[in-house]
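I have placed the structure first, in the form of structure tokens, so that the comments after it can refer back to it.
Derivation of every value follows stated rules applied to the coordinates shown; laboratory data play no part. As the structure is a computational prediction, the values presented were derived from the model and not from experiment. Cβ: placed from backbone, ideal geometry, glycine included. Neighbour counts: every protein chain shown.
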Amino acid sequence: MTTSWSQSANPAGLPREAVPAAFDAGAFAYDRLVGANPGYHRHLRLSAERMRLPDEGRGLRLLDAGCGTGASTAALLAAAPRADIVGIDASGEMLEQARAKRWPASVQFIHAPVEELATATDGPFDGVFAAYLIRNLADPDAVLRELRGRLRPGATLAVHEYSVRDSRRARAVWHAVCGAVIIPAGRVVTGDASLYRYLRGSVAQFDGAERFRRRLREAGFADVSSATVPGWQHGIVHTFLARRPRPAAEAEATR
């Protein structure tokens, strides 16, 4: 049976069903805090570029699953400026921050949990970008299967996510940076460090890169691969790429 890291107790004491509300509370400071992270936006753009969307996305319809304040949407737009992009997020306050920014008419935002994707949006999509999302879900396997089902056959899912379990160095750097920088900064800026303690714990509990690649295959994806990013987050942040198989291959895989 496929297991979920969400079944483990969270060190921050923040249940995953409370995560959208925690993001609501911290939304006003989110962009300021992540903007202080060297490479944060550049790494999002790198993951979006790794999708290799053709012709600047002309004629494509893309989904930004868990778009938050729109940083990942901006990365996807930079990689595919001619595409139609739909951003979806469960946090209304994070979406308010996203909507307050300037976007072309080809970008729209929907307030809904990704678990309600089937009723909240019309598919299929020519690509899905999911940044810092899967780790926060109560049932990641069900959502991965749903994302696969919302992709056109042959289209790509890119998951931009923390994963430190496979590397002792990555774990050490992650905990050191959280303890010395991220949690104290979150407390100073927002007055409450619970979301940032949750961040540290959820990353520590999340799959190693090898296990997550296997999880993608178990969800029915093909051509699964991953690559890390440069800078201090080397070995900590990864781009996971996977493709929905063509119908014949998908049918064969389910036999």
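Around Ala185, under 15 Å between beta carbons, what's the net of Lys plus Arg minus Asp minus Glu among the other residues?
Working: positive: Arg32, Arg187, Arg197, Arg200; negative: Asp31, Asp192.
Value of the local net charge: +2.
What are the membrane-span-like helices in the chain by this rule: whole DSSP H runs, Cα extent along the axis at least 20 Å, mean Kyte-Doolittle hydropathy at least -0.5? The partial results should precede the final answer.
Numbers: long enough: 19-35 (21 Å, 0.68).
Qualifying helices, which must be both long enough and hydrophobic enough, are 19-35.
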Please report the net charge: other residues with Cβ closer than 15 Å to the Cβ of Ala36, K and R +1, D and E -1. +2
Site Glu56, offset 7 angstrom along Cα→Cβ, radius 19 Å on amide nitrogen, limited to segment 66-98, gives 73-86
At a Förster distance of 30 Å, what's the computed FRET efficiency of Ala222 paired with Ser106, Cβ-Cβ distance as r, to 0.05? 0.55
Sticking with the crude label model, points 7 Å out along Cα→Cβ, report the distance from Arg168 to Arg246 in nm, one decimal please. 4.6
Roughly how many Å is it from the Cα centre of segment 14-40 to that of segment 197-238, as a whole number? 20
So between Ala138 and Arg187, what do we pick up on full extension, going 0.36 nm a residue minus the alpha carbon distance? 15.1 nm
Distance between Cα centroids, segment 78-113 to segment 49-76: provide it in whole Å. 10
Rounded to the nearest 5, the percent of DSSP beta bridges in the chain running antiparallel is 40
Charge sum, other residues only, whose C-beta stays under 12 Å from Leu216's C-beta, Lys/Arg counted +1 and Asp/Glu -1: +3
Stokes-Einstein, Kirkwood over Cα pairs, the chain, 37 °C, 0.692 mPa s; D in µm²/s equals 179
